[in-house]
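Structure record follows, encoded as structure tokens.
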Amino acid sequence: MGTANKKSIFSGVKPSGDLHLGNYLGALSQWAPLQEEYNCIFCVVDLHAITVKQDPELLNQRIIEITKHYLASGIDPAKSIIFQQSAVTAHAELAWLLNCTARIADLNKMTQFKEKAGKNQETVSVGLYDYPVLMAADILLYNTEIVPVGEDQVQHVELARELAKRFNHQFGETFIIPAAKVRKEGARIMGLDNPTKKMGKSDTASSNYIAMLDNPSMAAKKIMRAATDSEATIKYDKENKPGISNLLTIYSILFNAKIDSIEKKYAGKGYGEFKKDLAVLVENFLVDYQKRFNSYSNDDIIGLLKSHAEKVRPIAEKTLTEAKQKIGLRL
Ligand code: ATP
Ligand code: LTN
């Protein structure tokens with residue numbers, strides 16, 4: 001863990017709501033294969049979760065739950081660091097320093113804020129507005145070069161790049177400039193009930209998404225009921241056939257098959273047969289995933305998060321101290 005000549009990777013998921021197949025395919029499933037080649041740090045971003053109202057008990061449980069998802073997805077704590085954001089105070093502190101580099105105009109461009117705040121821009125928390133600056137602090141603290149995320153987070157990573165460049169320009173070389181890494185296919189898994197909108201856990205009916213902890217046979221039913229067009233040819237065409245294209249993407253990533261080979265396999269066959277096969281595959285996949293998820297005890301997870309926070313704290317403190325010194329916050 002933490003070899004000097006390897007590049008660094010950082011990513012995170014908020015402990016809010018149910019983790020769904022979109023999160024898994026767009027983000028988590030990208031992470032495990034990167035562990036050999038890179039120094040990987042995966043964070044449970046609880047300070048991001050509290051930008052909207054959370055029940056304290058539930059939040060506490062979800063911090064542990066997200067960590068179990070990381071492990072079930074193949075993150076190996078012997079190879080990678082898994083820690084809780086709020087356990088390392090440097091995140092909040094660097095976010096403040098970067099707040100003084102970020103401009104109102106930068107944040108006004110953020111589409112996620114506009115979508116999430118909607119008509120309530122005056123009443124949502126200041127934290128929700130400032131969310132991308134905290135995310136930039138997360139990334140920049142660890143000399144991160146690569147940030148594996150889903151497509152909806154690319155704009156935030158771009159902001160982190162911009163803030164790093166601006167800071168370096170004003171105060172001298174301090175931060176590495178990071179870049180987002182998204183899947184070619186699967187960076188934006190669409191809702192099962194409405195394939196023109198992304199699969200998401202907020203503001204959606206449960207028929208929109210498959211939660212990773214859904215009862216596997218219920219999840220299979222959701223695949224069978226997924227919205228598709230009436231043409232009945234199994235062909236990838238995002239524009240005209242978003243429903244079947246989404247299902248092809250899910251099939252392709254989960255089972256490591258090329259889209260054109262899946263198309264060939266189902267040439268001349270109807271949607272029913274394809275959906276039935278995918279439903280069985282998803283069901284079996286979830287059974288195995290949930291077996292792994294349930295094999296960890298809460299005490300193991302708490303121990304892991306505490307010990308890994310100790311490991312990353314010095315890295316974060318070093319970057320923070322350097323940034324403060326450059327700004328002139330020193331004696
Ligand atoms: P919400 O629906 O509340 O906005 P979310 O599902 O986007 O939440 P996050 O914790 O914000 O969940 O995202 C975790 C990771 O999952 C991020 O890297 C994000 O880009 C990715 N992700 C989220 N939704 C999808 C999706 N539909 N397809 C692919 N990746 C996704
Ligand atoms: N905003 C991200 C979660 C997140 C993150 C990060 C991702 C917070 N800090 C740093 C990558 C790197 C989201 O998925 N909603």
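Summary of computed values
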{"quantity": "Gained length - residue 224 relative to residue 273, 0.36 nm times residue gap less alpha-carbon distance", "calculated": "16.7 nm"}
{"quantity": "Computed over region 30-94: relative contact order in percent, which uses C-alpha pairs under 8 Å that are six or more apart", "calculated": "55 percent"}
{"quantity": "Eligible lysines near residue 324 by straight Cα distance, threshold 30 Å, same-chain separation 8 or greater", "calculated": "6, 7, 14, 109, 165, 181, 306, 311"}
{"quantity": "Efficiency of FRET from Cβ geometry, residue 284 and residue 162, R₀ 56 Å, rounded to 0.05", "calculated": "0.80"}
{"quantity": "Region 227-277: Cα Rg divided by the 2.2 N^0.38 Å rule of thumb", "calculated": "1.00"}
{"quantity": "Descending principal axes extents, the chain, alpha-carbon based, whole Å", "calculated": "74, 42, 40"}
{"quantity": "Cross-link reach list, aspartates and glutamates versus residue 68, counting only Cα pairs under 12 Å and skipping chain neighbours closer than eight places", "calculated": "76, 299, 300"}
{"quantity": "Mean Cβ count within 10 Å, highest first, over the residues of peptides 48-61, 304-317", "calculated": "304-317, 48-61"}
{"quantity": "Alpha carbon centroid spacing (whole Å) that separates region 5-54 from region 309-324", "calculated": "20 Å"}
{"quantity": "Translational diffusion of region 187-331, µm² s⁻¹ [Kirkwood Rh, Cα pairs; Stokes-Einstein; 4 °C; 1.567 mPa s]", "calculated": "71 µm²/s"}
{"quantity": "For the chain, calculated [θ]222 nm from helices alone, where every DSSP H run of n ≥ 4 adds -39500 (n - 2.57)", "calculated": "-15500 deg cm²/dmol"}
{"quantity": "Burial order of peptide ranges 116-125, 138-147 (average beta-carbon count within 10 Å, highest first)", "calculated": "138-147, 116-125"}
{"quantity": "Inter-label distance, nm, simple model (7 Å from Cα along the C-beta direction), residue 295/residue 55", "calculated": "3.1 nm"}
{"quantity": "Mean Cβ count within 10 Å, highest first, over the residues of peptides 275-288, 155-168", "calculated": "155-168, 275-288"}
{"quantity": "Tilt relative to the chain, helix 56-72 - C-alpha long axis, 0 to 90 degrees, to 10", "calculated": "70 degrees"}
{"quantity": "Solvent-accessible heavy-atom area per residue, rounded to whole Å², over region 123-267 at 1.4 Å", "calculated": "47 Å²"}
{"quantity": "Accessible-area composition of region 184-234, carbon plus sulfur, in percent [1.4 Å probe]", "calculated": "50 percent"}
{"quantity": "Accessible carbon and sulfur surface of region 19-59 relative to its total accessible area, %, 1.4 Å", "calculated": "57 percent"}
{"quantity": "Whole-angstrom gap from region 190-212 to region 72-129, using each part's C-alpha centre", "calculated": "23 Å"}
{"quantity": "Span per principal axis, largest first, for the Cα atoms of region 1-96 (Å)", "calculated": "41, 33, 20"}
{"quantity": "Rel. contact order, % - alpha carbon contacts under 8 angstrom, at least six apart, the chain", "calculated": "22 percent"}
{"quantity": "Hydrodynamic radius of region 52-181 per Kirkwood, over alpha carbon pairs, in Å", "calculated": "16.2 Å"}
{"quantity": "Accessible area of region 269-331 divided out per residue, in Å², using a probe of 1.4 angstrom", "calculated": "59 Å²"}
{"quantity": "Values of log10 I(q)/I(0), in the order q = 0.21, 0.24, 0.25 Å⁻¹, for region 48-88 under a Debye, Cα-only, solvent-free model", "calculated": "-0.75, -0.89, -0.94"}
{"quantity": "With 5 Å bins from 0: P(r) over region 62-136, alpha-carbon pairs, percent", "calculated": "3, 13, 18, 16, 16, 16, 12, 6, 1, 0"}
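The values are calculated or read from the model by the stated rules, or taken from the named source; none is laboratory data. Since the structure is predicted, the reported quantities are computational estimates derived from the model, not experimental observations. We place every Cβ from the backbone using ideal geometry, glycine too, and count neighbours over all the protein chains shown. Accessible surface is based on the protein model in full, side chains and every heavy atom, while ligands, DNA and RNA are left aside. Shrake-Rupley method; radii C 1.70, N 1.55, O 1.52, S 1.80 Å.
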